[in-house]
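Here is the structure we will look at.
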Amino acid sequence: EYFLPLIKRQEIADKTWAFWFALPRRSSAKAGYYPFSFKAGQNADFGVGDVRTFSIASSPNDHETIMIAVRRLGGSDFKKNLMTMPIGTKVRVQGPLGDFVLPKKSDRPIVMLAGGIGITPMLSMIAWATEEKLPHKITLFFANSSPKRATFLKELEELQAQNKNFKFIPVFERIQKSLLNPQPDTRYYLAGPPGFVAGMRAILDEAGMDEDNIRTEEFSGY
């Protein structure tokens with residue numbers, strides 16, 4: 001486990017905030033070794049009074065900080081603590097965890113379906129793939145109720161400009177089967193609220209997509 005200080009918080013969309021935590025410095029004894037390292041798309045447990053799991057939205061290549069994003073602030077004590085704790089307060093972080101990561105092979109196209117705050121692990125994967133110049137061909141459908149509710153739009157547009165293998169499709173309505181046009185040779189990544197993930201999964205199941213080619217990550221509201 002790690003105790004990481006909160007160094008910044010910022011509203012990044014309507015009712016959505018991002019939080020940055022400073023990472024431990026690299027050990028001078030080991031070149032290239034960082035005390036906290038993770039794969040793009042993984043998550044970690046954050047302890048602020050109680051413990052919640054959050055996907056890391058930043059790239060593993062950022063060795064200075066990790067960033068998480070939270071939607072619908074208010075209500076839970078956890079989110080109130082995040083919003084009111086003084087900058088510099090250390091938070092217990094355990095991880096990294098999870099296997100919602102890019103495949104090593106780039107032999108099949110990848111379609112990512114993100115709903116709302118489900119964009120966080122996908123942003124990490126896309127940023128990392130862009131920085132590493134990976135050959136993976138990725139198409140992202142990002143669903144939100146309105147542009148003002150959509151996080152990281154500018155960042156995703158910039159990544160599309162930098163990465164010829166990445167196509168970004170923002171969607172401000174319900175994603176329909178006709179828009180997806182599911183293909184059997186494609187890997188699908190689904191992340192978002194449980195209802196969104198279930199809806200996308202139903203479309204893929206109805207189209208006969210192979211279960212082995214579908215990965216999911218659900219984001220329950222806290």
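The modelled label-to-label distance between Ala198 and Thr84, using points 7 Å beyond Cα along the C-beta direction, is 3.4 nm. With the simple model of a label 7 Å out from the Cα in the direction of the Cβ, Leu179 to Glu218 spans 2.3 nm.
The dipole here belongs to segment 68-222: it is taken about the Cα centre, uses +1 on the Cβ of Lys and Arg and -1 on the Cβ of Asp and Glu, and is about 540 debye. Sparse packing (at most 13 other Cβ atoms within 10 Å of the Cβ) combined with a DSSP loop state is found for the following GluC sites (Glu not before Pro) in segment 139-222: Glu173.
Each helix, a run of at least 4 DSSP H residues, gives -39500 (n - 2.57); summed and divided by the residues of the chain, these come to -6500 deg cm²/dmol at 222 nm. Largest GNM mean-square fluctuation across Lys177, Lys105, Lys154, computed for the chain with C-alpha springs under 10 Å, falls on Lys105. Per residue, segment 1-150 exposes an accessible area of 46 Å² to a 1.4 Å probe, with every protein chain left in place.
Mean-square fluctuations from a GNM of the chain, with a 10 angstrom spring cutoff on Cα atoms, peak among Met209, Met85, Met112 at Met85.
Can you tell me how segment 1-115 classifies by the Cα gyration tensor, rounded, prolate or oblate, using a/c under 1.5 as the rounded cut? In terms of gyration-tensor shape, oblate.
Restricting segment 77-175 to chymotrypsin sites (Phe, Trp or Tyr not before Pro) that sit in a DSSP loop and have at most 13 other Cβ atoms within 10 Å of their own Cβ leaves Phe172.
Using only the Cα atoms of segment 149-222, build the gyration tensor, take square roots of its eigenvalues as a ≥ b ≥ c, and label the shape rounded, prolate or oblate: rounded if a/c is under 1.5, else prolate if a/b is larger than b/c, else oblate. Oblate, since a/c reaches 1.5 and b/c is not below a/b. Would you mind pulling out the separation of the Cα centroids of segment 149-186 and segment 48-117, in Å? Segment 149-186 and segment 48-117 have Cα centres spaced 20 Å from each other.
As a calculated quantity, the FRET efficiency between Thr65 and Ala161 at R0 = 25 Å, using C-beta atoms, amounts to about 0.60.
The modelled label-to-label distance for the pair Ala22/Glu206, using points 7 Å beyond Cα in the direction of Cβ, is 5.2 nm. Within the listed set Ala18, Ala40, Ala202, the residue fluctuating most in the Gaussian network model of the chain (springs between alpha-carbon atoms under 10 angstrom) is Ala202. Considering Cα pairs under 8 angstrom that are at least six residues apart, work out the relative contact order of the chain and quote it in whole percent. Normalised by residue count, the contact order of the chain is 20 percent. Within the chain, antiparallel bridges make up roughly 55 percent of the DSSP beta bridges whose residues both belong there. Under 1.5 on a/c is rounded, so check that first for segment 92-214, then, if it is not, pick prolate when a/b is larger than b/c and oblate when it is not; a ≥ b ≥ c are the square roots of the alpha carbon gyration tensor eigenvalues. Rounded.
The values are calculated or read from the model by the stated rules, or taken from the named source; none is laboratory data. What you see is a predicted model; the values in this text were computed from it and never measured. For neighbour counting, all protein chains shown are included, and Cβ atoms are generated from backbone atoms with ideal geometry for every residue, glycine included. Side chains included, ligands, DNA and RNA excluded: accessible areas come from the protein's heavy atoms. Shrake-Rupley method; radii C 1.70, N 1.55, O 1.52, S 1.80 Å.
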